[in-house]
1. In the set 94, 107, which member is surrounded by 21 or more Cβ atoms within 10 Å (Cβ to Cβ), closer than 21 Å to residue 237 by Cα, outside the structural domain of residue 198 (by TED's automatic domain parsing) and within 20 Å of the chain's Cα centre (by Cα)?
2. What about residue 143, is it surrounded by fewer than 17 Cβ atoms within 10 Å (Cβ to Cβ) and either touching an Asp or Glu at 6+ places or on another chain (Cβ under 9 Å) or at pLDDT 95 or above (or both)?
3. Taking residue 279 as meeting all but one of (1) modelled with pLDDT under 85; (2) in a helix (DSSP H, G or I); (3) crowded, with 18+ Cβ neighbours inside 10 Å, write down the number of the exception.
4. Does segment 1-41 hold any residues that are touching a residue at least 12 places away in the same chain (Cβ under 8 Å), surrounded by 15 or more Cβ atoms within 10 Å (Cβ to Cβ) and of a type in the set (A, V, I, L, M, F, W, C), and which are they?
Amino acid sequence: MTILEFQARFGTEEACREYLFCSRWPEGFVCPGCGGRDAGTATRRHLWICTGCGRQTSITARTVMHKTRLPLRTWFWAAYLVSTFHPGISAKQLQRQLGCHETAWALLHKLRAAMVAPERERLKGEVEIDEFFLGGHEESLKGGRQQGKKALVGAAIEVRGRGSGRLRLQVLPNSQATTLEAFTIATTAPGAIVHTGGLFSYSGLRKLGYDHRPRKVVSVADHEQLLPRVHRAISNLKAWIHGTHRGVSPEHLPVYLDEYVFRRNRRGTPMAGFQTLLGLGLAHDPVTYRQIIDHAA
């Protein structure tokens, strides 16, 4: 959907409410309390009242817009920009586009919190896995595996011919065997063919039910050629963080990694991403502003 098409489709609050109603109840109203299908007309507060049990239900309940005071059009435009703008969008850019100066940062973080589906499937088939450091250069570090203040991130990506499939990213506390094995278990289904570098920490993957095929690395250039898909994803991630956000604070890094994965895995279906961001799948409870602040503290 182009910008002009989106503007025409969701130009009014009523159009946004109608879309939310049809997305939530495609076959007509269903009371979340008793399952009844009869409801009176919406109240002035846009609540639907079940004629069976009297329960009042909002079309924004348990979505990312739960108890929002912002216009629905603001949420729709934010979700559209976040899901379709190819380089990604920062809070400052969103603020300029929408004009919601005080709320742009919180709005964007609420949308990001909706990017990870709790029930998402693990990677299958053939998978490349590696770990990498994310952060600026530090003069005092010696050796390629000294972490310093940089964040260690695990990356796993599906192999699909010469191309690649779904991506997973996760901040790691260290590169020990227990950590990398836990990352593999969390992201990759048992029985998958797993390609890694020659790091000893991966040596136990075969015992965990994976067809582990380590690739011996002679040089950095050789490393990138042996695991081309995962290193292409890592390179694009670093370019995105430095180009769009000019760096990320450690406490918010996991959220930004989730955003990159969300955007990359849905690059061919941006409007499906739009629905996911608004929470129309009702996969999990919306995050509150207090939860965002507490996480940042």
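The values are calculated or read from the model by the stated rules, or taken from the named source; none is laboratory data. Note that this is a predicted model, so its numbers are computed, not measured. Quick reminder, even Gly has a Cβ in these numbers, built from the backbone with ideal geometry, and neighbours come from all protein chains shown.
1. On inspection, the qualifying residue turns out to be 94.
2. The answer is no for residue 143.
3. With respect to (1) modelled with pLDDT under 85; (2) in a helix (DSSP H, G or I); (3) crowded, with 18+ Cβ neighbours inside 10 Å, residue 279 is out only on (2).
4. Correct list: 6, 10, 16, 20, 21, 29, 31, 39.
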